[in-house]
Amino acid sequence: MTLTDGTVVTFPAGAVSSHGTVVHVADAGDGRTAVVLDETAFHPVDSAWPDQPADRGTLRVGDTELVVVDALVGATQGDGLLLGPDVPVRTGTEGWTFVVAHLVERGAAVAAGETVDVAVDAAYRAALSAGHTACHLAALALDAALADAWRKDAPADALGAPAFDALSIQKSRILPDGSRDVYRIGKSLRRRGFDPDALDDLDALAARVDAQLAAWIAAGGAVRIERDGDTLADRRAWVCELPGAEARIPCGGTHVASLHELTGAKVAFASTTVEGGLELVMTTRAERA
């Protein structure tokens, strides 16, 4: 394998360890070196939609253990490696090759051709996976809770409700055992038919979302990641079995394997008046046994 081959990733199947070969080493700036392997269990942060942070963990090269201080999506067209914010296209863009770049401190003894054992911090991964699954569930539950607030037909979410989350989301951040989502309700959303008065009683809204989350989690549906292939660039989707329906959302992150891994999830809302509209923040907390 060379840098012109995309990294094979095993994190979508839940892997927290892997064995690979170094195919490229490059200066990553700020005293760091980027190490690209042919295969890795490491989940990198994608600067195009940086909702889930990178995994934590180590690379073992022979008797040397290197701490991975960050992991980024890298891309190339065959004439050099671009990293993170310097990548000018979205992951999967035709004509580009996408790789996972493990960042270690500069001076680390690692070279192309060496074999590496990858070890991911399993506890941190589990917490992020729980937070990411809860984030998707909360978004769907919020859409359902606000379904009556629309005066016009709107694009639907994965369960058929008006897609408030997708139409108004500004920023999403996956946290250990939770998430923080920021929405903007402005003129464009009102023109689409959304009534902002539906957000007047945020405690009541949270209670409706919590009730839906409790029902879904109690059902204990299976969760899986469907993927078109094994490389970082291949499309992936989160699929969750819910009572009477199956939710499918494009997603490049990690997740629990079953809602049985959660004991509950709750949301809290806060709103702020901003120029031209309203900013709504939903904080979701996942509970695990």
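Laboratory data are not the source of any read-out in this text; all were calculated from the coordinates shown. The structure presented is a predicted model; accordingly, all values stated were derived computationally and were not measured. Backbone-built Cβ (ideal geometry, glycine too); neighbour counts: all protein chains shown.
In summary, the convex hull built on the alpha carbon positions of the stretch 123-288 has an orientation-averaged projected area of 9.7 nm². Within the stretch 134-203, report the trypsin sites (Lys or Arg not before Pro) that DSSP leaves as loop and that have at most 15 other Cβ atoms within 10 Å. Here the trypsin sites (Lys or Arg not before Pro) that fit, given the DSSP loop and packing criteria, are R151, K152.
Considering every alpha-carbon pair of the chain, the percent of pairs per 5 Å bin, from zero through the bin containing the longest distance, is 1, 6, 12, 15, 16, 14, 12, 10, 7, 5, 2, 1, 0. What whole-number distance in Å separates the alpha-carbon centres of the stretch 16-93 and the stretch 122-143? Their Cα centres are 23 Å away from one another. With contacts defined as alpha carbon pairs under 8 Å and 6 or more residues apart, what's the relative contact order of the chain in percent? RCO, the chain: 19 percent.
The charge dipole of the chain, taken about its Cα centre with unit charges on the Cβ atoms of Lys, Arg (+1), Asp and Glu (-1) only, comes to about 680 debye.
Sorting the segments 110-116, 234-240 by their residues' average number of neighbouring beta-carbon atoms within 10 angstrom, most packed first, yields 234-240, 110-116. Helix 202-219 and the long axis of the chain differ in direction by around 60°, with both axes built from C-alpha atoms.
Tell me the mean residue ellipticity at 222 nm calculated for the chain from its helices only (DSSP H runs of n ≥ 4, each -39500 (n - 2.57), averaged over every residue, nearest 500). After summing the helix terms and dividing by the residues of the chain, the value is -5500 deg cm²/dmol.
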